[in-house]
Each structure stands twice: as structure tokens, then as C-alpha cells.
1. Between LEU298 and ARG227, what FRET efficiency follows from the Cβ-Cβ distance if R0 is 35 Å, with the result rounded to 0.05?
2. With a cap of 11 neighbouring Cβ atoms within 10 Å, and only residues DSSP puts in a loop, list the GluC sites (Glu not before Pro) found in the stretch 204-301.
3. How far apart, in nm, are the 7 Å Cα→Cβ label points at ALA62 and LEU238?
4. What is the stretch 141-215 by shape, rounded, prolate or oblate, if you read a ≥ b ≥ c off the alpha carbon gyration tensor as root eigenvalues and call it rounded for a/c under 1.5, prolate for a/b larger than b/c, and oblate otherwise?
5. Taking a quarter of the surface of the Cα convex hull of the chain, what do you get in nm²?
6. Between the helical axis of 190-202 and the dominant principal axis of the chain, each derived from Cα atoms, what acute angle in degrees is found, rounded to the nearest 10?
7. Could you tell me how many degrees, from 0 to 90 and to the nearest 10, lie between the Cα long axis of helix 61-70 and the main elongation axis, the longest principal axis, of the Cα atoms of the chain?
8. Counting other C-beta atoms within 10 Å, which of PHE127, PHE161, PHE222, PHE146 has the fewest, and how do the rest follow?
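Values quoted throughout were computed directly from the atomic coordinates according to the rules given, and no laboratory measurement underlies them. Everything quoted here is computed from the prediction, not taken from an experiment. Backbone-built Cβ (ideal geometry, glycine too); neighbour counts: all protein chains shown.
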Amino acid sequence: MAVQIPYVRWFEVAYGVAEQVSPLIRRVTAHNPGPFTYTGTGAYIVGKGEVAVIDPGPRLDAHLDALMRALDGERVTHILVTHTHLDHSPLAHPLAERTGARIWAAQPPAPSHTAEVATEEGLDEMFRPDVILEGGERIEGKGWTFEALATPGHASNHMAFALLEENALFSGDHVMGWSTTVVSPPDGDMGAYYASLDAVRARGFSTLWPTHGPPVTDPEPFLDAYREHRLDRERQILDRLAAGDRTIAEMVPTIYAAVDRRLWPAASHSMLAHLIDMTRRGIVATEAGPPAIDSRYLLRA
């Protein structure tokens, strides 16, 4: 989404170049900048000699070529995917074909569960992992160890990866380095997102490496700001309901007045995620039926 975390800065990227960003980590950024991807998708290479690749990215020939140049003389043993949006997973299979590596990820959601997702990212319906992760697994290579950390919310199958040697987390889109993330029902779930934020915060990571944007080097206050942003959205929704608004379409122009109108459809779905969660918690109700994008909402007495 376009509402910025206040102290996040613009950062320079060199497309198609492998940047050494920590002792164990290199990043190759795809040239797919946009309102949902910021400067583009950052694919990470972890290790030396025998390596893992995290979130290979969109299916762009130039990006695949850049990854193969960066990997020249090395063996890819694992391809890890945080979730199956089109800016993260489509290059996994072409990269696996080139390298012989196996693909590790959570079970993709059923297409019927994502049919209403209205974000620019879209769903990679062709993606199939070789190894299905549930969270808690250890994935080991030469000089590096990952722990899979289930972080549903942005996507039901979102999996983050903790690099134990550097106390770092590859956070995918669960926590981004430039903005808050979209939570879009039916696959996105705000209650799950809150719980996943708490799970990440409890681990005390030193650094978060998002797929989009710069690293988060002081995670605790950053995650607190993420949660406060969501709670502020709740308060804004309650204020609009108290003022007489009854639909998402009525609330979005006021709440998201400062946001690029191209993002209003995604903003509407993010608001729906809040309203579903607030309905479950008994804070709001619909006039009829389950919460939906075109429902009429009211405050519970």
C-alpha cells in the first residue's frame, strides 16, 4: 500500500547486479518497479559455493539471466519461495530447470480461495513446490541454516525464512521495507496477519530482509509501527461508521484521500480484511449476511 512508514527511505538499486548486502547474503533486483513492488523484486542468494535462492521473482528473461550470472560457478541447492504472488514465485521453476535445485514453499492456496484478490500482483496458479513446508522446518546448506516461519496474513501460504547464522529474517511481503503490506480477502486475513506480526516480533531478529525495499535494521519499533498503522485504520473505520458511512465505497475516499487512486481497489480489500476481523471480534456488524466488499456495516451497540 502507499501509506509510508515514516522513517523508511528511498534506496538505490542496480538492476541485474548481485549486491553483497551482508557476509552471507547477495541481492539481485528484478526490473519490475511499481506501486506494489517499489523498486522491484529483490531475489536473495544466501551462501557461497553451495547456495539457496529466496523469491526468484517474476518471469523476466533479463532477471533470470542476471541470476545465472550471479550464480556462475556455484551450485544452487535450494530455492525458497515466501508465497505465490506473480512478483515472487514464477521464476522458481525456470531457475530449478537451469540449476537442478528443488523448490521449497508452503502449500499454494486453492484458486477458489483467491478468486476475489484484487491486487496488481496476482496469483501464480502454475506454481508447485517440490517440498511443502508447514513452518518449523530446518533447511540446511553449506555454512547456512534456515528455519521456516509460517507468517500467514498477506497470503494464506506466506512463509518467512530465518537465517540463523545472522539472526535475520527474509520476510517476503509480510513485512516490507518501504510500506505497509496489502491484506486482501479471501486469501488475506487480518487476524492471521496480527498474529504473524507478533510471532516475528517475539523472535528478536536483528535484521529483516524484505523482498521489496531496504532492510529493516531495527525491527522492534518498525514492527510496532506496522501494528499501530493497522490499529489506526481500525479507528478510522470506526470514526467513519460513527459519522454515518455504511459501505467501503463511502469510506475509502476519506480514509485513503492521500493515496494514489490506482491503489483504491487494493485499499478497499484491505478495509474488507479489517471489517471481517472486526466483525469476528464483535466490534462491527453487517446489516445482512457475511462481510463482503459491497456489504453495509454498522457499529455494534
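1. Plugging the Cβ-Cβ distance into 1/(1 + (r/R0)^6) gives 0.85.
2. In loop regions of the stretch 204-301 (DSSP not H, G, I, E or B), the sparsely surrounded GluC sites (Glu not before Pro) are GLU287.
3. Roughly 4.8 nm, to one decimal.
4. Prolate shape, in that a/c is at least 1.5 and a/b is the bigger ratio.
5. So the mean shadow area of the Cα hull is 14.6 nm².
6. 50
7. The answer is roughly 50 degrees.
8. So the residues, fewest neighbours to most, are PHE222, PHE127, PHE146, PHE161.
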